[in-house]
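The values are calculated or read from the model by the stated rules, or taken from the named source; none is laboratory data. Keep in mind that this is a model prediction, so the values were computed, not measured. As a convention, Cβ positions derive from the backbone with ideal geometry for all residues, glycine included, and neighbour counts pool all protein chains shown. In case anyone asks, the SASA skips ligands and DNA or RNA and just uses the protein heavy atoms, side chains included. Shrake-Rupley method; radii C 1.70, N 1.55, O 1.52, S 1.80 Å.
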Amino acid sequence: MNTYRFPDYEVAGDADTTVFLLHGAYGSRAYFRPLIETLVLAGYRVVAWDAPGYGMSPLPEGGLSIEGLAEAAARLIEREGTRVNVVVGHSMGGIVAPLASLLAKERVHGIVVSATVATFSRKTAQDKATFAEERIGPIRRGLPFKEAALPVIRGMLAPTSCGPQVDLVVDVASGMRAETFCAAIEAIVGYDGEENLKAVSVPTLLIAGAQDKVGRPDGMRSLTGLIPHARFVCIDGAAHYAFAEQADAFNAALLAFLAALPAQSD
């Protein structure tokens, strides 16, 4: 008899509201350490995962897909959820979060999508090919992961971004397994989540970095036309990793959103 293997995750804090943190294709839960501390000090409980295939979590036997990641996230929400649950997804995590919220049904009360358009369905075939080639082409041709990843990761930061939180992102994002990363990029490019976005019924916050070339502000703003009850915030001085590049502004937007969520009865 097979026993379901949950991905590795950590729990911090003790509260009736739990914030689930879903990292991007580059990285793991480790780069959320400062954000976890901020949320716990603000009175929230946090569950941060290493997505299947990341950290010490093994790659799924059937391969990596956005649908599979969303199912795993929904199972985690069912297992660790409290009275109020909010899913915060960055980049790839922001693609997973809307579908996970639908699969978890009444257990999710808010979604935060950071630095991603949440679906590649509106990108041209050339845009998809370019996105994939820039990230996994050099790896497929034999370049070591870190050597291939560092220029792309640094290119996703604003030119003036620096400091310990930015250094943490670069270190964590450039230190993962190549096999996992390549599978994640292929899953992202092949996913069409537009209909799932339209089905989201909980309050949603869209956070973009003003200089992000991946989760472009204009593209993220356009999602307010797809997702009911969505609002958009743009963080000046940040690109793809606003939670690290401009942490104070990002945290202020996130905490304001959490504080404004409707109260839930037991």
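Looking at the range 227-248, can you tell me whether even one residue there is in contact (Cβ under 8 Å) with a residue 12 or more places away in the chain and closer than 19 Å to Arg45 by Cβ? Yes.
In the range 236-251, the qualifying residues are those that are part of a loop (DSSP other than H, G, I, E, B) and aliphatic (A, V, I, L, M), and the one that is nearest to Thr116 (Cα to Cα) is Ala239. When the helices (runs of 4 or more DSSP H) confined to the range 42-149 are screened for residues that are free of Cβ contacts under 8 Å to residues at least 24 places away in the same chain and open to solvent by 40 Å² or more (accessible area, probe 1.4 Å), those reaching at least 1 such residues are found at 125-140. Annotation: of all residues in the range 16-41 being open to solvent by 40 Å² or more (accessible area, probe 1.4 Å) and within 18 Å of Gly81 (Cβ to Cβ), the one that is nearest to the chain's Cα centre (by Cα) is Arg29.
Would the range 150-163 turn up any residue that is more than 20 Å from the chain's Cα centre (by Cα) and at positive phi? For the range 150-163, residues more than 20 Å from the chain's Cα centre (by Cα) and at positive phi: present. With respect to Ser222, determine if the residue is in a loop (DSSP other than H, G, I, E, B), at pLDDT below 95 and surrounded by fewer than 21 Cβ atoms within 10 Å (Cβ to Cβ). No, not satisfied. Take the conditions (1) without any contact (Cβ under 8 Å) to a residue 12 or more places away in the chain; (2) more than 20 Å from Ser28 (Cβ to Cβ); Leu258 misses just one of them, which is (1).
Restricting the range 1-11 to residues that are surrounded by fewer than 18 Cβ atoms within 10 Å (Cβ to Cβ) and either in contact with a Leu (Cβ under 9 Å, 6 or more places away or on another chain) or among the aliphatic types (A, V, I, L, M) (or both), the residue that is nearest to Met92 (Cα to Cα) is Phe6.
Going through (1) open to solvent by 30 Å² or more (accessible area, probe 1.4 Å); (2) within 29 Å of Val170 (Cβ to Cβ) one by one, His240 falls short only on (1). In the range 195-208, the residues that are in contact (Cβ under 8 Å) with a residue 24 or more places away in the chain form Cβ pairs under 6 Å with partners that are surrounded by fewer than 21 Cβ atoms within 10 Å (Cβ to Cβ) and aromatic (Phe, Trp, Tyr), at six or more places apart or across chains, as follows: Leu205/Phe257; Leu206/Phe232.
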